[in-house]
Amino acid sequence: MLHAVEVTARFVHDGIVRNVLVTGGVGHSTRYLRDAVRQHTRYRDVQTQGRSEAAIVADILRTHLEVPATAITIEEAATNCGENAKFAVEILRRQRRPPRSILLVQDPTMQRRTHACFRRSLRDDTGTGVLSYAPFVPRVTDDDITDPDGNVAWSLERFTALVLGEMRRLHDTEDGYGPRGADFIDHIDIPADVMEAYRRLAHDHPDSTRPGWDG
């Protein structure tokens, strides 16, 4: 998550984007963001207790990454990825001039789902394009998951839970985000070999398939 914040700040300073909309209230994964900020050598002075994800991230952008406050809008009601997209798009629609394009920067494990949610929420806004940028490609080792700098991004247990959670949400069933479930995204065809790999992983890690475990 903090990689995504730093990449977003770089995009502002490089002139790639002019404005940042940070969306996120308090959900299953908020505690992981709070822990990461409290343990970070640079950001640990940012207050996290009782605060939304958007408020925490906005503080980091302003106070540590020199993004002007006037360039930041926050949305603090969303508690899941579907609401992130829905509520963010509602804010954008209230603007006098909706953006011609949106650049999504998200935790790489959630990138596909986030993109699908925004595409669905923007289906009637034909003039707004959606692009995605993953802040890094995770590297899987025997012990943990690292970022390009070699820092541990997730434990294997946490990463497994995240991957299984994404598959459960992307799959179009009553428990997913598709039309048969929460209806946050359009139907996505998942290749048979990917579904088979998911079933094997879920079988080997039954605790990681519990609702709420993956955030």
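The values are calculated or read from the model by the stated rules, or taken from the named source; none is laboratory data. The shown structure was predicted, so the numbers you read here are calculated from the model rather than taken from an experiment. With ideal geometry, Cβ positions are generated from the backbone for all residues, glycine too; neighbour counts draw on all protein chains shown.
What are the residues in the range 60-89 that are under 14 Å from E6 (Cβ atoms) and out of contact with any strand residue (DSSP E or B) (no Cβ under 9 Å at 6 or more places or on another chain), if any?
If the condition is that a residue be under 14 Å from E6 (Cβ atoms) and out of contact with any strand residue (DSSP E or B) (no Cβ under 9 Å at 6 or more places or on another chain), then I60, T63, H64, L65, E66 are the ones that fit.
Residue by residue through the range 184-198, note down the ones that are in a helix (DSSP H, G or I) and within 26 Å of R120 (Cβ to Cβ).
A192, D193, V194, M195, A197, Y198 - these are the residues of the range 184-198 that are in a helix (DSSP H, G or I) and within 26 Å of R120 (Cβ to Cβ).
Taking P191 as the residue in question, decide whether it is of a type outside the set (G, A, S) and farther than 13 Å from G82 by Cα.
The answer is yes for P191.
For the range 116-137, what are the residues that are within 28 Å of A202 (Cα to Cα), surrounded by 18 or more Cβ atoms within 10 Å (Cβ to Cβ) and not hydrophobic (A, V, I, L, M, F, W, C)?
R120, P135
Results for (1) acidic (D, E); (2) loosely packed, with under 13 Cβ neighbours inside 10 Å, shown as yes or no for each residue.
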site	(1), (2)
V37	no, no
R44	no, yes
R51	no, no
A54	no, no
V57	no, no
I60	no, no
E75	yes, no
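Would you be able to say whether some residue in the range 12-22 is within 23 Å of F159 (Cα to Cα), out of contact with any strand residue (DSSP E or B) (no Cβ under 8 Å at 6 or more places or on another chain) and in contact (Cβ under 8 Å) with a residue 40 or more places away in the chain?
Within the range 12-22, none of the residues are within 23 Å of F159 (Cα to Cα), out of contact with any strand residue (DSSP E or B) (no Cβ under 8 Å at 6 or more places or on another chain) and in contact (Cβ under 8 Å) with a residue 40 or more places away in the chain.
Which residues, counting only those in the range 157-189, are in contact with a Leu (Cβ under 9 Å, 6 or more places away or on another chain) and aliphatic (A, V, I, L, M)?
The answer is V163, L164, M167, I185, I188.
Got at least one residue in the range 172-190 being free of Cβ contacts under 8 Å to residues at least 24 places away in the same chain, closer than 30 Å to A9 by Cβ and over 17 Å from the mean Cα position of the chain (by Cα)?
Checked against the condition, which is being free of Cβ contacts under 8 Å to residues at least 24 places away in the same chain, closer than 30 Å to A9 by Cβ and over 17 Å from the mean Cα position of the chain (by Cα), the range 172-190 yields no hits at all.
So in the range 6-45, with the set limited to residues that are of a type in the set (S, T, N, Q) and closer than 29 Å to V130 by Cα, which one is modelled with the lowest pLDDT?
Only one residue tops the list, namely S29.
Just to check your reading of the model, which residue among R119, R168 is over 18 Å from K86 (Cα atoms), basic (K, R) and in a helix (DSSP H, G or I)?
Testing whether each residue is over 18 Å from K86 (Cα atoms), basic (K, R) and in a helix (DSSP H, G or I) leaves just R168.
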